[in-house]
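**Q** First the structure, which I've put down as structure tokens, then a few questions once you've had a look.
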Amino acid sequence: MIKYLKLSFLIVFFSGTLFAQQSAVYTHDLTEFNRAVELYKDKQYQASQILFDKVKTKTQNQEVEADCAYYIANCAIRLNQMGADVLVEEFVEEYPTSTKTNQAYIEVAHYYFDEGNYPKAIEWFDKADASSMSFADKEKYNFQKGYAYFTIKNNKEAVKYFNMVVNSKTFGSQAKYYLGFMSYETDDYKSANEYFEQVSDQDKYKEKMGYFQADMNFKLGNFQKAIDLGEGQMPKSRADEKSELSKIIGESYFNLKQYDKALPYLLAYKGKKGKWNNTDFYQLGYTYYQQKDYENAITQFNKIIDGNDAVAQNAYYHLAESYLNTNKKQQALNAFKKASEMQFDVKIQEDASLNYAKLSYEIGNPYQSVPEIMNAYLAKYPNSASKQEINTLLISSYITSKNYKEALVLLEKSKSPENKLAYQKVTFYRGLELYTDGDYKGAYGLFKKSLAENKDKKFTARATFWKGETEYSLDQFEESKLSFLQFLNSSEAPNTPEYSNANYNLAYAYFKLKDYDNAIKRFDDYTVSSKDDKVRLTDSYLRLGDCNFISTKYWPAMDAYNKAIDMKSVDADYAAFQKGISYGFVSKPDKKIEDLEKFAKTYPTSQYADDALYELGNTYVNQSQTDKAIATYDKLINGYKSSSYVAKAILKQGLIYYNGNKTQPALVKFKKVVAEFPNSPESIEAVSTARLIYVDNGKVDEYADWVKTLSFVEVSNADLDNDTYESAEKQYLQNNSKLAISGFTSYVSKFPNGLHALKANFYLAQLYFADNLEANSVKHYDFVVVKPRNEFTEQALARLCQVHLKVKNYDSAIPVLKRLEAEAEFPQNRMYAKSNLMKSYYEKQDYSNAVVYADKVLANDKVDDRIKSDAQIIVARAAVKTNDEAKAKEAYANLNKIAKGELKAEALYYDAYFKNKEEKYDASNKVVEKIATDYSGYKYFGAKALVLMAKNYYQLNDSFQATEILKSIIDNFSEYADVVEEAQKELAVVKGEEAKRNSSITK
């Protein structure tokens, strides 16, 4: 018993000692633990965490250790430390029996909730067990979890948790508000109203609900209530809310058709994120439209681009109407086109299609031919009330559209009786276009088609005239004469614009046929009737003179030449020369000499100056005034070295000396001809006459030695030479081309430098050229042109030019053209050389020389408008290539005055281009409209001009026109890749800019 008591005492003693030791440590731990808790409560999480970690390391108490782990994890969460969530998980795993396990999850969830990290809060709420929570904690848990789901737009889960606290005193009002808001967002306005009404007495919700209730009533169609609520809410709202309320009120008034009241509210709307959409622009535009403020309506409607719904179709239709009411028909055309392509409202579509067709007829259409549009309308709406009207316009449109090329295609497909008159007119006008473009064969065929219809006598007469003009251009002079006579015999001829020139044209046909008596009559008739056309009148006097001259009626010829001289035209020198020559034929040599001497002084630079001197020298010879003759020939030889008369003049001087028994100076002249003009007819005559001198003087050996030095004289083979040549020439004169080619080929092979080598090579070249074997002709023409100036030089040069130009061999053509320019006696050949040098240099991209020759062409007043147009276009295009815009502008302006056909379209395009550069956008558009109306057949420049029009409209703040025109270019002109590419780039720029203010636009 005693032992037992001792043992018990010991146990109690030691236990008490151990307990005392543990209690001391525990008390120390609790002190630090409590201090850490205080720091935690003061949100000093870093210090708190360090102290908890220290206590956790030292404590032997498992409960304290678990609490420390709990707080350490919580501090880590609040300090946003890496692995904080792992610490919480470790706490739960290591201390599963801790009473703070569920609290840990809730604390972390509440922390993330308070921080606004709702997805993270949900993650931790889901870990917590709500069943063990107090009623208050459970309400807080359900509300916060519902709100977290609300913020991440998971309405289904949000509704579930909000419904758990909908009757809570603490959270019920908030839950009802958010349940109402979610019902509002899902358009469940009945539920939304029920929830909102339950909290409508609470000020903190009342202000917010005013906007929602206004919007709900608007969406329910209760427009007046929406207006009342919205206007009541307006003073309580922020700026962004005022913008939205303005939209609700404005659109409500709009739907009530109270447009005057809608306007200020619609204007006050700022858009979503500063952007409007197509519907917003439509409503404001339509509001202006209803108040007949069409300019402002246009400003709003035309911001709707890329629209593809019923609102857009309606907007485009009323935009078109607004354009019409402001007399902007070209703009209306595009808007009606857009509305007609949309099917949301078929009545609007049909009416837009009708207006599009009628406007196209009235002002033209740059995208499609007007007849094509009319036919498309009739095909789509065969029972239209406007069918008869459109049918009438269709027939007329074939003419008024002026796109005769496409109209002809359509008419060829539909040769119905009612279209025959239109067919007659279209074939006529298309024929004129081809004639202007130089396609005479194509024009001829169309004029014949026009004549075959014979529905309108006036057009039959006109087609007859132009058939004659085309036949003349094709060198069919007999047929041309008959056509002009037929025209003049037509009863409708006097009523045509062609009538005034008919006698002039007929006279030329007679002239070409060498029927000079009839030519005289017709030229005379023209001079009597024509007083306005100075150029043709002067030319008629000249041709009258020529016809009388050729018919040996010299006094009437001189009378005509005098009238031409009195006109003071550029051809006065020709008339003066011919008049002087004429005196020789009426036995008035003194008067002839007087006139030719006067001519030489008056016109020293005339192309006929050398002719006049040569003729004057010959006249002096005939009058036995040999000294004056020799002196006159010297003036010719020294002053006009490239003249074809030089060889003749030297020969004449030799003959004068020879006939005057001055054999030595005669031989000097003959040898000069031979040396400077070998192989020419003059050189052959000079050798022949020199031979007589040598023979007369008994110097045959000296003659033989001289002749041996001449390559073109083969004395021993002379007979064979002559026989061979004459055989070939005989075939040539009889038009036996193949035999002539064979004969001349044989001759030049046997006698490459024979007596007749010059003629043989020239005739052989001509035969090859006529047989379309131009390549074979080149070496023979070359043989002619390398020889000294001769009777074939000019024609050979001209032909060589044609051969090289035909195959675009500009390197070979240019030197030949330059020789032709320098040596030609015929003015038309000189002009041919200049105009083709101009073109050749341009093709070689030698723009400076191209312009030099263009200027030479333009300096000649006698050049017809077509050649002038070619010159102006070279100057203009070269200026564009060299970025000399000032010169390009001037050249295109000059071209615009005289050009026809495609060149006119190009000139107009650049007129529009430079107006755009000068920011004259309206004026630029007017020019583009002219291209569309009058030159729609020239699609390339029409397409390029439309790009300019789009740029103009964008600068004029008409985005709709700009985008629609650009899209139409892309859709309708795929054959012009460069134009489409430019349109695509421009469209991207416009849409990029417009997307900054219109949320409906996708770039």
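Here, each number is a calculation from the coordinates, and none is a lab measurement. These numbers come from a predicted model, not from an experiment. FYI the Cβ positions are ideal-geometry reconstructions off the backbone, even for glycines, and counts take in every protein chain you see.
**Q** Work out from phi, with θ = phi - 60° and the Karplus expression 6.51 cos²θ - 1.76 cosθ + 1.60, the ³J(HN,Hα) of each residue of segment 463-470, listed in order in whole Hz, and give x for Gly and Pro.
**A** 5, 4, 4, 6, 5, x, 4, 5
**Q** OK, next. Compute the signed sum of charges (Lys and Arg +1, Asp and Glu -1) over the other residues within less than 15 Å, Cβ to Cβ, of Lys273.
**A** Residues close to Lys273 contribute a combined charge of +2.
**Q** Please name which of Val586, Pro604, Thr663 has its Cα lying farthest along the dipole of segment 564-701 towards the positive end, using unit charges on Cβ (Lys, Arg +1; Asp, Glu -1) and the Cα centre as origin.
**A** Farthest along the dipole direction, towards plus: Thr663.
**Q** To the nearest 10 degrees, how steeply does helix 737-750 sit against the main Cα axis of the chain, on a 0 to 90 scale?
**A** It is inclined by approximately 80 degrees.
**Q** Run the helix sum for the chain: -39,500 (n - 2.57) per DSSP H stretch of 4+ residues, divided by residue count, reported at 222 nm to the nearest 500 deg cm²/dmol. The partial results should precede the final answer.
**A** Details: 53 runs with 763 residues, N = 1003.
The helix-only estimate for the chain comes to -24500 deg cm²/dmol at 222 nm.
**Q** Taking Cα atoms, how many degrees apart are the long axis of helix 793-806 and the longest axis of the chain, rounded to 10 and kept between 0 and 90?
**A** The angle comes out at about 20 degrees.
**Q** Next question. Could you line up Phe344, Phe336 from fewest to most neighbouring Cβ atoms inside 10 Å? Don't skip to the end; give the middle numbers.
**A** On the way: Phe344 14, Phe336 27.
Going from sparsest to densest Cβ surroundings: Phe344, Phe336.
**Q** Which order do the peptides 221-233, 411-423 come out in when sorted by mean C-beta neighbours inside 10 angstrom, highest first?
**A** Numbers: 221-233: 18.5, 411-423: 14.7.
So the order, starting with the most tightly packed, is 221-233, 411-423.
**Q** Cα to Cα, under 18 Å, and not fewer than 8 places away if on the same chain: which lysines meet these conditions relative to Lys425?
**A** Excluding near neighbours in sequence, the set is Lys402, Lys405, Lys413, Lys415, Lys448, Lys449, Lys455, Lys457, Lys458, Lys467.
**Q** Here's something else I'd like to know. Each residue of segment 111-128 in order: what ³J(HN,Hα) in whole Hz does its phi give by Karplus 6.51 cos²θ - 1.76 cosθ + 1.60, θ = phi - 60°, with x for Gly and Pro?
**A** Coupling constants for segment 111-128: 4, 5, 4, 5, 7, x, 8, 5, x, 5, 4, 4, 4, 7, 4, 5, 7, 6 Hz.
**Q** Which of Val64, Val786, Val979, Val674 comes first, and how do the rest follow, when ranked by fewest Cβ neighbours within 10 Å?
**A** On the way: Val64 19, Val786 9, Val979 22, Val674 27.
Going from least to most buried by this count: Val786, Val64, Val979, Val674.
**Q** If you don't mind, another one. Can you find, among Gln300, Ala310, Ser369, the residue sitting farthest towards the positive end of the charge dipole of segment 234-375, where Lys and Arg contribute +1 and Asp and Glu -1 at Cβ?
**A** Of Gln300, Ala310, Ser369, it is Gln300.
**Q** For segment 378-448 and segment 460-495, compute the distance between their C-alpha centroids and round to whole Å.
**A** Rounded to whole Å, the Cα centres lie 23 Å apart.
**Q** Assign unit charges at the C-beta atoms only (+1 for Lys and Arg, -1 for Asp and Glu), then state the dipole size of segment 853-1003 relative to its Cα centre in Debye, rounded to the nearest 20.
**A** Details: 25 positive and 26 negative charges, 24 e Å.
Value, rounded to 20: 120 debye.
**Q** In whole angstrom, note down how far apart the Cα centers of segment 827-884 and segment 577-600 are.
**A** So the two Cα centres are separated by 38 Å.
**Q** Here is a further query. Sort 877-889, 129-141 by packing, meaning the average of other beta carbons within 10 Å per residue, with the highest value first.
**A** 877-889, 129-141
**Q** Same structure, new question: Hey, can you rank 480-491, 941-952, 179-190 by average C-beta count inside 10 Å, highest first? List each step's numbers first, then the result.
**A** Values: 480-491: 20.0, 941-952: 24.8, 179-190: 17.7.
Listed from highest to lowest mean packing, they are 941-952, 480-491, 179-190.
**Q** What does the charge count around Ala493 come to, taking other residues whose C-beta lies under 12 Å from its C-beta (Lys +1, Arg +1, Asp -1, Glu -1)? Before the final figure, lay out the partial values.
**A** Values: positive: Lys457, Lys458, Arg462; negative: Glu492, Glu498.
Residues close to Ala493 contribute a combined charge of +1.
**Q** Pick out, from Asn849, Met838, Leu820, the residue whose Cα sits farthest towards the positive end of the charge dipole of segment 750-851, with +1 on the Cβ of Lys and Arg and -1 on the Cβ of Asp and Glu.
**A** Ranked along the dipole, the leading option is Leu820.
**Q** Still on this structure, please answer the following. Placing unit charges on C-beta atoms (Lys and Arg positive, Asp and Glu negative, everything else neutral), compute the dipole magnitude of segment 840-886 about its Cα centre in debye, rounded to 20. Before the final figure, lay out each step's value.
**A** Values: 7 positive and 9 negative charges, 19 e Å.
Dipole of segment 840-886, to the nearest 20 debye: 100 debye.
**Q** Additional query: Mind giving me the FRET efficiency for Glu38 and Ala995? R0 is 51 Å, r the Cβ-Cβ distance, nearest 0.05 is fine. Write out the running numbers ahead of the final one.
**A** On the way: r = 59 Å, r/R0 = 1.16.
With a Förster radius of 51 Å, E is 0.30.
**Q** Counting other beta carbons within 10 Å of each Cβ, put Met567, Met838, Met342, Met82 in order, fewest first.
**A** Details: Met567 17, Met838 28, Met342 20, Met82 7.
Exposure proxy ranking, most exposed first: Met82, Met567, Met342, Met838.
**Q** On to the next question. Residue by residue through segment 961-968, which ³J(HN,Hα) values in whole Hz follow from phi under the Karplus form 6.51 cos²θ - 1.76 cosθ + 1.60 (θ = phi - 60°), with glycine and proline marked x?
**A** 4, 4, 6, 5, 5, 5, 5, 5
**Q** Please give the charge dipole size of the chain, origin at the Cα centre, charges +1 on K and R Cβ atoms and -1 on D and E Cβ atoms. Round to the nearest 20 debye.
**A** Numbers: 132 positive and 137 negative charges, 216 e Å.
The calculation lands at about 1040 debye.
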